[in-house]
Amino acid sequence: MALYKNRIDLHMHTKSSFDGNYPAAEMCRAAVENGLSTIAFTDHFDVDFFERHNLDTRQRTSYEDIISAREEFADKITVMRGIEMGQPTYDIALTEKSLARYEYDFVIGSIHNLREMPDFGDLDYKSMTEDEIYSLLDKYFEEELILAKWNGFDTFAHLTYPMRYIVQAGRNEIELSRYDEITDEIFRTLIANGKALEINTSGLRQPIGKTMPTENYVRRFKELGGEFLTLGSDAHFTEHVGAGIDNGYEIAENCGFEYVTYFKDRKPVQVKIEK
Ligand SMILES: [Zn+2]
Ligand SMILES: [Zn+2]
């Protein structure tokens, strides 16, 4: 039972993502069944995996699939044409060229891996020393700051992403307070540039059991003057469309936000949080 009206889920993947499973139309059907009012499809475009993920082709099939589902479901749900740019700062020229290929409503900026490294989800934290894990996190937050400063996205996705896997590996001693200064700088950069912060709810259905980032970061973003928040389930399956979105609204409200945001033609649209 949905608690909130105007539920919006701005982060989900179709089978055009290397790790996706369903066509856009099936994800739309699930979104309508879940009573969502607006969604964005945001297939992966991990710039540093351009060849390996065959992104030239995948980007086209993703866009065409989104357009056709959007037409099919036009009278039932609002569908935004989005993309999740992974590691865009590792090849800015390729990123800019790729974004110019299609008319996107919404661009997510993400970091899933360090330069020339596998995804944070594919590292073996069990066998690492504490120092080794912190040294990865040092680099991660530096890359997140570089991403924030690049500014070519609309929302800044799943900050604290590596923690999903670090906690999953049982490394509960790792904690992030030592990064408060750099996360403040990231937030100040986003705010100065009028960008949104994403509350990614996928962690709620994973061992970490928390949103990325957690509520304390959302509160800090607000304290520093943050205005735009997007919510995303990061669904890769129909059963996860809209998952945790009510929790996301609750966190937003707890932190003093009255609106959540979606993007149309790369411009923010504010939607009142209402029960
Ligand atoms: Zn991501
Ligand atoms: Zn994603």
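Only the coordinates and a few stated rules stand behind these numbers; no lab work does. As the structure is a prediction and not an experimental result, all values here were calculated from the model. Neighbour counts are summed over all protein chains in view; Cβ atoms, including those assigned to glycine, are modelled from backbone coordinates with ideal geometry.
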Long-range amide H partners of residue 259 with built H, under 5 Å:
273
Please turn the phi angles of the range 237-244 into ³J(HN,Hα) values with the Karplus equation 6.51 cos²θ - 1.76 cosθ + 1.60 (θ = phi - 60°), one per residue in order, whole Hz, x for glycine and proline.
9, 4, 5, 9, 4, x, 5, x
Can you tally the net charge around residue 187? Count Lys and Arg as +1, Asp and Glu as -1, for every other residue whose Cβ sits under 13 Å from the Cβ of residue 187.
-2
Would you mind checking the pairs 5/222; 5/264; 76/195; 210/275; 126/210; 76/97 and listing those with alpha carbons more than 26 angstrom apart?
76/195; 76/97
Of 194, 203, 244, the most mobile residue in a GNM of the chain (C-alpha springs, cutoff 10 Å) is 194
Explain nothing, just compute: Karplus ³J(HN,Hα) = 6.51 cos²θ - 1.76 cosθ + 1.60, θ = phi - 60°, for every residue of the range 213-218 in order, whole Hz, x for Gly and Pro.
x, 7, 3, 4, 6, 5
Taking the chain as a Gaussian network, where each spring joins two C-alpha atoms under 10 Å apart, which residue of 41, 156, 18 fluctuates the most?
18
With label points set 7 Å from each Cα along the Cα-to-Cβ direction at residue 18 and residue 216, the distance between them in nm comes to 3.3
Surrounding charge for residue 130, neighbours by C-beta under 11 angstrom, Lys/Arg +1, Asp/Glu -1, total -3
Computed from the beta carbon distance with a Förster radius of 51 Å, FRET efficiency for residue 272 and residue 129 to the nearest 0.05 stands at 0.60
Mean separation of Cα contacts under 8 Å (at least 6 apart) over the residue count of the range 8-272, i.e. the relative contact order in percent, is 21
Using the Karplus equation 6.51 cos²θ - 1.76 cosθ + 1.60 (θ = phi - 60°), what ³J(HN,Hα) coupling, rounded to whole Hz, does each residue of the range 128-137 give in order, writing x for Gly and Pro?
8, 6, 4, 4, 5, 5, 5, 5, 5, 5
Within the range 187-203, name every residue whose backbone N is under 12 Å away from a label modeled 7 Å from Cα of residue 149 along the Cβ vector.
189
